[in-house]
Ligand code: GLN
């Protein structure tokens, strides 16, 4: 149960993409490090109810919480920096807020009232922010307001924050504003004017920030800190430098150097406990200094947009750091594999095929899965990456040339991947996949069992199609072993090749559970196998 209820809001100005998510996650990491019961919440001011229907081209990866909400990728940063599993209480969109208010209106709960943005929408926002504290039993919630101040979509949220600042004691609400201090290429000078303007914009909504975090390419000299402090009306020591760093995992360390966590806790009238960042520092050192390289090819549809596979990249980095190795990722567009064949896959120590939807690029992914099988190259298939491995095996080993998933060929005579009856009638796209964590039982004596070292696992899902049990015996007989099942035995959760150094493909998304200080066992096992395979 929450004992205290304190709110830290993180807003952003000047441009998007300054790293508000990483800043919020870093604050979570640092406050948690000082023993504060803290949780994080992301507000996405879109009308989408969740991120499930959004295009990865625009927004990057869709992250899935344990309880099955499809969210923005920032929730992934939060989980990784907090070493904790979050839930739907930690993610809020305008779609959810309006949906709730409109449903209440239809039920007649507001009888007689004119339903308006103020107070009805703002009340709903405030109650969901407070709900994050209650749902997680935390004392402090750091809330990231997506978008940039001045956006029309963000206004109801800023108004809700303004109201909370009014309603609650001063020491219970703090506002952190992240802005940009660019360098002018002609003079090489750092410029504070954009920051001043964005704070002005924030103040126009009635909110005075308590801290200004200045994202800047180089160190922020004292004179500039003083200037920002004067123009933005905050104490100089509340201007925090947020310099460009080689890795996002260095951000908490840099903010701690600035004393940000200590200052923030003091502002909230909380006594800071001791901070021990030794393990985090050790992880960062391993990330930075590991010399041995392992070269992995990721074959996907959206490889030109790295954020589409963010959790996978991070999981590889965590596992690499644990093994004292630097993971070099070769991003290979599936179409290139279709055009160039084996040439596109040269020089790799392992292949990973990630999740995906739709037919484009499937032939290239099937080729890559088959290439790894016949050459003995370690293979890690994730979700769609498992489905293409099954298709590749059916075609090449079982000789079923037309084997396919019914997602790509509804009339295939060998529907080795197919919809379950409960999915067959589903028409609406939003939130209707198999989503969130489900348990699975691992078969003893398999590679996956050896990697986890347990009989039962819980992993998150995001898919509609499944391995078709009708063909189970044929696959097993030919050497592709189903090695993980749902507890009722109806669903195949993973397969692996019997006669291969390391070929494991899973229907779930292990990448969502990897943490810097707790790398995921499957990623570690995969990289270990890759390390001993020569390119
Ligand atoms: N498109 C596949 C399905 O829906 C795989 C989904 C995924 O890889 N996340 O089952």
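Counted over the stretch 37-176, the DSSP beta bridges are approximately 20% antiparallel. Here the residues 524, 64, 22, ranked from fewest to most Cβ neighbours within 10 Å of their Cβ, fall in the order 524, 22, 64. What would the Debye formula give as log10 I(q)/I(0) at q = 0.06, 0.07, 0.10, 0.11 Å⁻¹ for the alpha-carbon point model of the chain, no solvent? Ignoring solvent entirely, the Cα scatterers give -0.32, -0.43, -0.85, -1.00. Projected label points at residue 304 and residue 532, each 7 Å from Cα along the beta carbon direction, are separated by 4.0 nanometres.
Against the main long axis of the alpha-carbon atoms of the chain, helix 155-167 sits at an angle near 50°. When each of the peptides 142-151, 220-229 is scored by the mean number of other C-beta atoms lying within 10 Å of its residues, the order from highest to lowest reads 142-151, 220-229. Highest mean packing first, where packing is the average number of other Cβ atoms within 10 Å per residue, the peptides 172-179, 159-166 line up as 172-179, 159-166.
Computed from label points 7 Å out along Cα-Cβ, the spacing between residue 222 and residue 335 is 5.6 nm. Label reach from residue 328 (point 7 Å along Cα→C-beta): in the stretch 501-535, amide nitrogens under 12 Å belong to 535. A full extension of the chain between residue 257 and residue 200 corresponds to an added length of 17.7 nm, given 0.36 nm per residue minus the alpha carbon distance. Dividing the alpha-carbon radius of gyration of the stretch 116-200 by the rule-of-thumb value 2.2 N^0.38 Å gives 1.38. Note on residue 107 and residue 47: the model spin-label points, each 7 Å out from Cα along the C-beta direction, lie 2.4 nm apart.
Over all distinct Cα-Cα pairs of the stretch 213-288, the Kirkwood formula returns a hydrodynamic radius of 13.7 Å. The value obtained for the stretch 188-247, namely the Cα convex hull volume divided by the number of residues, is 87 Å³ per residue. The alpha carbon radius of gyration of the stretch 1-74, expressed as a multiple of 2.2 N^0.38 Å, is 1.26. Under 1.5 on a/c is rounded, so check that first for the stretch 446-535, then, if it is not, pick prolate when a/b is larger than b/c and oblate when it is not; a ≥ b ≥ c are the square roots of the alpha carbon gyration tensor eigenvalues. Cα axes put the stretch 446-535 in the oblate bin. Each Cα pair under 8 Å and six or more residues apart adds its separation to the average, and for the chain the resulting relative contact order is 15 percent. Given axes a ≥ b ≥ c from the Cα gyration tensor, I'd like to know whether the stretch 405-500 is rounded (a/c under 1.5), prolate (a/b larger than b/c) or oblate. Here the stretch 405-500 falls in the oblate category.
Enumerate the whole-percent occupancy of each 5 Å bin, from 0 to the last occupied one, for all C-alpha pair distances of the stretch 209-353. Percent of Cα pairs in each bin: 2, 8, 13, 14, 13, 12, 10, 10, 7, 5, 3, 2, 0. Tell me, what is the FRET efficiency for residue 230 and residue 402 to the nearest 0.05, using R0 = 60 angstrom and their Cβ-Cβ distance as r? FRET efficiency, residue 230 to residue 402: 0.25.
Hey, quick one: spin label on residue 116, modelled 7 Å out along Cα-Cβ, who in the stretch 146-160 has an amide N within reach, i.e. under 13 Å? In the stretch 146-160, the label zone of residue 116 (backbone N under 13 Å from the point 7 Å along Cα→Cβ) covers no residue. Where in the stretch 124-168 is the amide nitrogen less than 14 Å from a point lying 7 Å along the Cα-to-Cβ axis of residue 16? So the set is 145-155.
Where q = 0.16, 0.21, 0.28, 0.30 Å⁻¹, what log10 of I(q)/I(0) comes from the Debye formula for the stretch 382-439, counting one point per Cα? Scattering profile of the stretch 382-439, log10 relative to I(0): -0.59, -0.88, -1.16, -1.22. With contacts taken as Cα pairs under 8 Å and at least 6 residues apart, the stretch 423-535 reaches a relative contact order of 22 percent.
Relative to the longest principal axis of the Cα atoms of the chain, the long axis of helix 310-323 lies at roughly 80 degrees. Residue exposure proxy: 123, 304, ordered by other Cβ atoms within 10 angstrom of their Cβ from fewest to most, comes out as 304, 123.
Each residue in 54, 433 was given a count of other beta-carbon atoms within 10 angstrom of its own, and listing them fewest first yields 54, 433. Taking a ≥ b ≥ c as the square roots of the eigenvalues of the Cα gyration tensor, the stretch 279-410 is prolate, since a/c reaches 1.5 or more and a/b is larger than b/c. Mean projection of the Cα convex hull over all viewing directions, computed for the stretch 65-168: 7.8 nm². Relative contact order of the stretch 208-307: 21 percent, from C-alpha pairs under 8 Å at least 6 residues apart in sequence. Helix 362-375 and the long axis of the chain differ in direction by around 60°, with both axes built from C-alpha atoms. Length gained on full extension, residue 57 to residue 123: 20.4 nm, using 0.36 nm per residue less the C-alpha separation. If the segment from residue 411 to residue 517 were pulled out straight at 0.36 nm per residue, it would be longer than the present Cα-Cα gap by 33.5 nm.
The numbers here are math on the coordinates, done by the rules we state, and not lab data. Quick caveat, the model's predicted, so the values are computed rather than measured. Quick reminder, even Gly has a Cβ in these numbers, built from the backbone with ideal geometry, and neighbours come from all protein chains shown.
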